[in-house]
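Take a look at the structure below.
The values are calculated or read from the model by the stated rules, or taken from the named source; none is laboratory data. None of the values given here were measured: they were computed from a predicted structure. Cβ coordinates were reconstructed from backbone atoms using ideal geometry, including for glycine residues, and neighbour counts include every protein chain displayed.
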Amino acid sequence: MKAQRQRRLWRLLLVGLGASVVPLDTAVNIAFPAITGGFRLPIAMIQWVVIAYVLTYASLLLSFGRIGDSFGHARVFRAGLLWSVLAFLLCAAAPSYGFLLFFRVLQGIGAGLVISCAPALVTAFYPDEKRGRALGVFTTMFAVGSALGPLLGGVLVALWGWRAVFWFRAPLALLSLLFLRGLPAARGRLGEPVDVGGTLLLALALGATLLLLNEREGAQRAALLALAFLTFCAFILWERRAARPVVDPRAFRHPAFLFVNLASAAVNLAAFSVLLFVPYYLVRLTSLPLAADGAVLAVSFLGMILSSPLGGFLLERLAPQRLAACGAALCGAGLFLLANLEPSRAFAWPLILLSLLLEGAGLGLFQVASMEVVMRTLAAGDRGVAGGLAMLTRTIGILAGATLLSLLFHAVESAALARGAAATSAFLAAFRTSLRLSALLSAAFAGLAFLPRGRD
C-alpha cells in the first residue's frame with residue numbers, strides 16, 4: 001500500500017512538472033524589454049507575443065479536452081509535452097519577430113494540449129472521494145510555476161539573453177515525458193469520433209471573444225462582437241444535434257455548474273488586479289528596490305501555494321460550493337484591505353504582505369473548489385472537457401481583467417487629473433477604486449455557497 005501511494009505521488013508530481021511549463025511562461029514577461037530591443041520594435045508591439053500565445057491555447061482548451069476524452073488523456077498530454085519541447089526550441093531560435101509570433105502560436109497549441117488534459121490525469125490517480133487532494137496538488141504546482149517564472153526569467157535573461165526564457169522549459173517537459181509511465185487509462189469512451197464541426201466553431205467563437213477583449217478600435221470591436229455572437233449561436237445549434245458534443249449545453253442548466261463557471265471568470269478577473277496594479281503601487285509609493293518588487297508580488301502566489309493543498313483536504317469535509325465561497329470572500333477581503341492601505345502609516349508593510357497573502361490564499365481555495373464543482377457535475381467520460389473548461393474560465397477572467405480593469409483605472413485617473421489632482425493622488429484614487437470594485441466583485445460571488453450542489 002505504501003509503495004502504491006509513493007508511485008501515485010511520483011506520477012502526480014511528474015504530471016505537475018510537465019504542466020508547470022505553461023505557468024512558467026510568466027518568465028517571458030521579464031524578457032519583454034530584451035525582445036523589443038533585440039528586434040528593434042516599439043514597446044506596443046510586445047502585446048502580440050502574449051496575444052498569439054494565450055489566444056491560441058485558450059481557444060483550443062475545450063476541443064483538446066474532448067479529444068483527450070475520446071483518445072486518452074495520457075496520449076494528448078504526452079503529445080502536448082513533445083509538441084511543447086519543439087515549440088520552445090523554435091521560439092528560442094526565432095530569427096525574426098514574425099517567426100517568433102508564429103512559433104508562439106505553435107507553443108500555444110502545445111500548452112492547450114498539456115493543460116486541457118492535466119486536471120483529468122491528476123484526478124485519475126485518486127478515487128472520486130479524494131479527488132480534491134489531486135486538484136489541490138495540481139493547483140499548488142501551477143502556482144509554484146507562476147511564482148518562479150519571473151524570478152527565473154530575470155536570472156536567465158541576465159545570463160543568456162531573452163531566448164533562454166523559452167529553451168529552459170524544454171528539458172522540464174522532456175523530463176516529464178520520459179519518466180511518465182503507466183498512466184491510468186481514461187474513464188471515458190475511447191475511440192469515439194471527434195466532433196470536428198463543433199471543435200472548429202468553438203475555436204472560432206472563443207478566438208473572436210478573446211480578441212474582442214484586447215481590441216480597442218470601434219469598427220473592429222463591432223466586427224469581432226458580431227463574429228463571436230454568430231459563431232456561438234451556430235456552435236450551440238450544432239452541439240444540440242451532435243451525437244458526442246464537445247460540451248453538452250444542457251450541463252449549463254445545472255445552477256451550481258453555471259454559476260461556478262461565471263464565478264471563476266469573475267474571481268480571476270478581480271484577483272488579476274493585484275498583478276496589474278500593485279507593481280505600479282510599489283514603484284510609485286514605496287522606497288522598495290525594484291529587484292524586490294517581484295518578491296513582494298510572490299507573496300500572493302505563496303498564499304495560493306499554502307492554501308491549495310489545504311483546500312484539497314477540506315473538500316473531503318465541506319461542500320465545494322461553500323469552500324469556493326470562503327475562497328472568494330477571503331480573496332475579496334485581501335483586495336479590500338489592500339485598497340484601503342495608507343502607504344505612509346506605520347505597519348504599512350506588514351499589512352501589504354498580509355493583504356497579498358489573504359488574496360492569494362482565497363484564490364487558491366476558490367480554484368480548487370470551483371474545479372471540483374465542474375469535475376463532479378460533468379460525467380466521468382467528460383473529464384477532459386471539465387478540466388479544459390476550468391482552465392478556460394480562469395483564462396477568460398484574466399484577459400477580461402487586463403482590459404476592463406485597465407479601462408476603469410484610466411478613466412478614474414484621468415477624471416482626477418482633470419479636476420486638478422496631483423499625479424500621485426490621481427494614481428492612488430484610481431488604484432483604490434479599481435481594487436475596491438474588484439473586492440466587491442469577488443465577495444459578491446461568495447453567494448455561490450447557497451446554490452444547490454452539483455451531482456456526484
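Can you pull out every residue in region 228-287 that is buried (at least 16 other Cβ atoms within 10 Å of the Cβ), within 16 Å of VAL373 (Cβ to Cβ), at pLDDT below 85 and among the hydrophobic types (A, V, I, L, M, F, W, C)?
VAL247, ALA251, ALA256, PHE257, PHE259, VAL260
Within region 415-427, is there a residue that is farther than 28 Å from THR377 by Cα, aliphatic (A, V, I, L, M), crowded, with 18+ Cβ neighbours inside 10 Å and at pLDDT 85 or above?
Looking through region 415-427, at least one residue is farther than 28 Å from THR377 by Cα, aliphatic (A, V, I, L, M), crowded, with 18+ Cβ neighbours inside 10 Å and at pLDDT 85 or above.
I'm checking my understanding of the structure. Among residues of region 68-101 that are closer than 17 Å to ASP25 by Cβ and aromatic (Phe, Trp, Tyr), which one is surrounded by the fewest Cβ atoms within 10 Å (Cβ to Cβ)?
It comes out as TRP83.
Among the residues of region 102-139, which ones are among the aromatic types (Phe, Trp, Tyr) and either surrounded by fewer than 24 Cβ atoms within 10 Å (Cβ to Cβ) or farther than 25 Å from PRO309 by Cα (or both)?
PHE102, PHE103, PHE125, TYR126, listed by residue number.
Residue by residue through region 438-456, note down the ones that are at pLDDT 90 or above and buried (at least 19 other Cβ atoms within 10 Å of the Cβ).
Answer for region 438-456, where residues must be at pLDDT 90 or above and buried (at least 19 other Cβ atoms within 10 Å of the Cβ): SER438, ALA439, LEU441, SER442.
From the list LEU121, LEU113, LEU81, pick out the single residue that is under 20 Å from VAL385 (Cα atoms) and under 16 Å from the mean Cα position of the chain (by Cα).
Result of the check over LEU121, LEU113, LEU81: LEU113.
Checking the conditions here, which among LEU353, LEU408 is closer than 24 Å to SER264 by Cβ, in contact (Cβ under 8 Å) with a residue 24 or more places away in the chain and not β-branched (Val, Ile, Thr)?
Just one listed residue meets the conditions, LEU408.
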